[in-house]
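Here the structure is laid out as structure tokens; the discussion comes afterwards.
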Amino acid sequence: MCILFIKTVENANCGEYKLVLVNIRDEYYARPTKPVSFWDNRNTRIIGGQDMDKGREGGAWLAMNTNGKIASLLNILQPKDEISADKKGRGFLVVDYLEGNDSPKTYLDQISKDSSDYNGFRMIAIHLKSQSIEMSTYSNFDLKTMQLNPGVHAFGNNKMDQKLWPKVRIGKQKFEEIVDKHKNTTSKSQLIDDIFDFLSDKSIYPLDDQMRSQGRDKSKSLEKLNAIHVVIPENNYGSRTWTIILVDNNLNVDYIEKTMKEPIDASKDIEWITNSHTFKIT
């Protein structure tokens, strides 16, 4: 299940990062996906990977526009009997936020009115500006929007009023250690290398009662979900895309994605491809 780590510094000094964002996308290997690129035919410049699953084409789990808006979507783990295939695609919530003019809180308050149209999700919406950072989160399990202060945040697949899963809690500590070690942009390449090394950690952490409750119909695979780098070849499922977004104090952006090359065959050596884009928030 996906993870999002964020560190924001509202008044970053020269040569420091205003934002470091790391995302792990766990998904079925057979689900068709476009690697990161700037999207065509949009009323604003948007960059991100895209879901190309039938009926969900063009949705996204993480994307950004050149105006400084970022959105990320994480599913809430639910038993199969609580999930409906007839619900709307959640990935379009990301797209709609990036194409619109609403602030993070205003947009999330707005979607809360129709949140029952979707299976369980948590959305994080950000707007980076030269002198400020707006950041809010919403989950349709909790039915409330929460504004977030600058600092370090971690999000997983739990409900907002529940404690973080062990892998997210431990991952947050490791993420914070890495970004604190490389605060200055002069060590950017080492920061990126250290983050990707961190994301490749396949250590499996002990389950807790909350995970068992959320995944009560996934007894065979639940333990394997409690790793930073999820690998479940028997289900053709795992961590297949890693994304790093770096924004410095001058609003220069590095958007780096490392993803499995399709078609993905879990029985063979998997090829990873890395795509990087740089631009400036305007």
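Each peptide among 270-280, 146-156 gets the average number of other Cβ atoms lying within 10 Å of its residues, and from highest to lowest they stand as 146-156, 270-280. In plain terms, the residue of Thr33, Thr186, Thr106 with the fewest other Cβ atoms within 10 Å comes first and the most crowded comes last, giving Thr186, Thr106, Thr33. Would you please classify the overall shape of the chain from the alpha carbon gyration tensor, given that a ≥ b ≥ c denote the square roots of the eigenvalues, rounded means a/c under 1.5, and beyond that prolate means a/b larger than b/c while oblate covers the rest? Cα axes put the chain in the rounded bin.
Here, each number is a calculation from the coordinates, and none is a lab measurement. Quick caveat, the model's predicted, so the values are computed rather than measured. Backbone-built Cβ (ideal geometry, glycine too); neighbour counts: all protein chains shown.
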